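Step one of this worksheet: look at the structure below.
What follows draws every value from the coordinates through simple rules; no lab data is involved. If you're wondering where the values come from, they're calculated on a predicted model, not measured in any experiment. Every residue, glycine among them, receives a Cβ derived from its backbone with ideal geometry; neighbour counts consider all protein chains shown.
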There are 2 protein chains.
Amino acid sequence: MNGNDHGAAEPYYAVIFTSRRSSGDNGYSEMDQKMDELVAHQPGFLGVESARNDSGFGITISYWSSLEAIRHWKNNEMHKIAQEQGKQVWYDNYTVRICKVEREYSFNG
Amino acid sequence: MNGNDHGAAEPYYAVIFTSRRSSGDNGYSEMDQKMDELVAHQPGFLGVESARNDSGFGITISYWSSLEAIRHWKNNEMHKIAQEQGKQVWYDNYTVRICKVEREYSFNG
């Protein structure tokens, strides 16, 4: 899934999740894949993009049609378990930013 | 510089730059470092965070106090040269999203 091809007009919403992973996998990859599958079926979900440096610092941005859709996903029961595991095991630290996308433009070479 | 420690209260602004690099360095690293130094001195600049996958897909987010500060940086003469080189040489494609950060929260384990 690619945040670039969701075709939504602005304004829509972005959740910026910046994080530093703790060392070791500890079940992270399996849960990450589960969450990817689960989020794709959420109402108002438009796409997700992710990148991580070798140092362990990563950025994941999910795109949403509304603030209500973001709240709904945050309160998903399976996602809440993942969030709790994230704090206990997978992340040293993270920041979540809820953003309104006001304008966008693209270049395709 | 770290987007997490700028201490700005919401709302402030984020510019999400998602990109796919073309192959080869072709002067990218040198310009990237120059831009890092230059942007740090721009009025209204709050911080920048960046991550890139081994595949070449990357996300850079810069944080700003106002839309005017973002416009000012976009029109910086040296930055405009870098933007043009970006299209000609360094990026296969990219998307820029101008966002208003409405809310944020952090976890520190």
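Considering only residues of region B:73-109 that are closer than 23 Å to residue B:43 by Cβ, β-branched (Val, Ile, Thr) and assigned to a strand (DSSP E or B), which is farthest from the chain's Cα centre (by Cα)? Taking the candidates together, the pick is B:101.
Just to be sure, is residue B:75 more than 8 Å from every other protein chain (Cβ to nearest Cβ) and more than 19 Å from residue A:101 (Cα to Cα)? Criteria met by residue B:75.
Taken together, the criteria place residue A:55 among residues that are within 12 Å of chain B (Cβ to nearest Cβ), more than 13 Å from the chain's Cα centre (by Cα), polar (S, T, N, Q) and in a loop (DSSP other than H, G, I, E, B). For the condition more than 14 Å from chain B (Cβ to nearest Cβ) and under 15 Å from the mean Cα position of the chain (by Cα), residue A:65 qualifies.
Screening region A:12-31 for residues that are in contact (Cβ under 8 Å) with a residue 40 or more places away in the chain and farther than 18 Å from residue B:18 by Cα and picking the one that is farthest from the chain's Cα centre (by Cα) gives A:26.
For every residue, the table says whether it meets (1) among the small types (Gly, Ala, Ser); (2) assigned to a strand (DSSP E or B); (3) at positive phi; (4) in contact with a helix residue (DSSP H, G or I) (Cβ under 7 Å, 6 or more places away or on another chain).
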site: A:14; (1), (2), (3), (4): yes, yes, no, no
site: A:17; (1), (2), (3), (4): no, yes, no, no
site: A:23; (1), (2), (3), (4): yes, no, no, no
site: A:26; (1), (2), (3), (4): no, no, yes, yes
site: A:32; (1), (2), (3), (4): no, no, no, no
site: A:60; (1), (2), (3), (4): no, yes, no, no
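Filtered by the rule that a residue be over 22 Å from residue B:52 (Cα atoms) and loosely packed, with under 15 Cβ neighbours inside 10 Å, region B:76-103 gives B:77, B:78, B:80, B:81, B:102, B:103. If a residue has to be within 22 Å of residue A:8 (Cβ to Cβ) and polar (S, T, N, Q) to count, how many in region A:76-109 make the cut? Selection size over region A:76-109: 3.
Residue by residue, here is whether (1) in contact (Cβ under 8 Å) with a residue 12 or more places away in the chain; (2) in contact with a Lys or Arg (Cβ under 9 Å, 6 or more places away or on another chain); (3) within 14 Å of chain B (Cβ to nearest Cβ) holds:
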residue	(1), (2), (3)
A:33	no, no, no
A:45	yes, no, no
A:79	yes, no, no
A:97	yes, yes, yes
